[in-house]
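Report on the following structure.
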Amino acid sequence: MCDCSDCEKLLQPYLDRVLSVAEELEAKEHLAACDYCDRRYRFEEELRMFVRQAAAEPMPQELRERLAALRLAH
Amino acid sequence: MSETRPETDARRIAAEARDRVRFEEDALALSDQVYRVARHLVGSREEAEDLMQEAYARAFRSWRSFTPGTNLRAWLLRILTNLNIDRGRRLQRTPDMQPLEAGDYYLVDKLEETGGPIAHEERVDQRLSQDNIVAALSAVPHDFRDVVVLVDIGDFTYQDAAQILDIPVGTVMSRLHRGRRILKAQLAEEAVV
C-alpha cells in the first residue's frame, strides 16, 4: 500500500538521483504499487526534460562575435 | 640591476601567451552553455547579452586567477552571477509576489482538474507550451530562480551551484525544492488560466 505523502517527499530527490540505496528502493516500491504517484513521477520527469528543452535558446551569432572581439590584444 | 636572461624571458612570455590563448579559446567554446544559463538568470535577451559581455570581458582580464584543470564553466558562471548581483538587477527585477505554497504534485493535480487525467503515454508538451515555461521561469523570485536555472537548465551539481552562488549546499537544496514548487505553481497559473 502506497503512502502518497511519503512518496511525494521522495520524489524530488529520487529525480535528482541523490537518494541512498535504501531510500531509492523505497521510492521504487512506492511507484510500482501506486498508479497515482507513478503517473506523477513520470510527469515530473518529463516536465524536467521539457523545461530544459524549452529554455534552450541559441546564442545570437552577433554576440558570439562580440565575445570573441573581447579577447585581449595579442 | 639584476641580470636577465633574454632567452629565458622570451620563453616565459611565449608560454604565458600560449596559456592565455588557450584559456580564451576554452572560455569561448563554453559560451553557448554559459548563455543558456545567463538567458534565464535575467529577464530579457538584451540583459543576458550585456551580462555575457561584461562577464567575458572580466574573465579575459582575470584569466590568471583561473586554476587550469578545474571547472571553467562554473568559474565563468560565478563571475556572471556576481556581476548580476553587483548590478542590482536582483533588486530591480524581483517581482513583488508571495511564493505560493504548493506541493510537488500541484501542477499535475491542477492540470488534471481542468483537462482530465494525464494518460501514461501523454507528453508534457501536450499540456504546456514553451512560452508557458519561459514566462513561468521569469516569474520565479531570483534567489530561487538562480538555483533552478543552474541545476535544471545548466546541469550543474548541487556542489557547483553552491560554489557559484557562494551559499551552502543545504541552501541550494532547499531553494531548489522551493523554486521548483514555485515554478510549477506559476506554470499552473499560466497553463490553466
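The values are calculated or read from the model by the stated rules, or taken from the named source; none is laboratory data. Everything quoted here is computed from the prediction, not taken from an experiment. As a convention, Cβ positions derive from the backbone with ideal geometry for all residues, glycine included, and neighbour counts pool all protein chains shown. In case anyone asks, the SASA skips ligands and DNA or RNA and just uses the protein heavy atoms, side chains included. Shrake-Rupley method; radii C 1.70, N 1.55, O 1.52, S 1.80 Å.
The one condition from (1) assigned to a helix (DSSP H, G or I); (2) touching a helix residue (DSSP H, G or I) at 6+ places or on another chain (Cβ under 9 Å) that residue B:67 does not meet is (1).
Just one of the listed residues (A:8, A:62) is modelled with pLDDT under 85 and either closer than 30 Å to residue B:42 by Cβ or within 9 Å of chain B (Cβ to nearest Cβ) (or both), and it is A:8. Can residue A:37 be described as facing another protein chain (nearest Cβ under 9 Å), within 25 Å of residue B:181 (Cβ to Cβ) and open to solvent by 40 Å² or more (accessible area, probe 1.4 Å)? No: the conditions fail for residue A:37.
Residue A:19 meets each of the listed conditions (1) in contact (Cβ under 8 Å) with a residue 12 or more places away in the chain; (2) in contact with a helix residue (DSSP H, G or I) (Cβ under 8 Å, 6 or more places away or on another chain) apart from (1).
Of the residues making up segment B:143-159, those that are assigned to a helix (DSSP H, G or I) and surrounded by fewer than 20 Cβ atoms within 10 Å (Cβ to Cβ) number 3.
Restricting attention to segment B:33-43, does a residue exist that is modelled with pLDDT under 95, at the interface with chain A (Cβ under 7 Å from one of its Cβ atoms), in a helix (DSSP H, G or I) and touching a Leu at 6+ places or on another chain (Cβ under 7 Å)? Yes, because at least one residue in segment B:33-43 is modelled with pLDDT under 95, at the interface with chain A (Cβ under 7 Å from one of its Cβ atoms), in a helix (DSSP H, G or I) and touching a Leu at 6+ places or on another chain (Cβ under 7 Å). Quick check on my filter: what residues within segment B:160-188 are surrounded by 23 or more Cβ atoms within 10 Å (Cβ to Cβ) and either within 20 Å of residue B:86 (Cβ to Cβ) or free of Cβ contacts under 8 Å to residues at least 24 places away in the same chain (or both)? If the condition is that a residue be surrounded by 23 or more Cβ atoms within 10 Å (Cβ to Cβ) and either within 20 Å of residue B:86 (Cβ to Cβ) or free of Cβ contacts under 8 Å to residues at least 24 places away in the same chain (or both), then B:161, B:164 are the ones that fit. Taking chain A as the region of interest, the helices (runs of 4 or more DSSP H) fully inside it that hold 1 or more residues being among the polar types (S, T, N, Q) are A:4-15, A:35-55, A:61-69.
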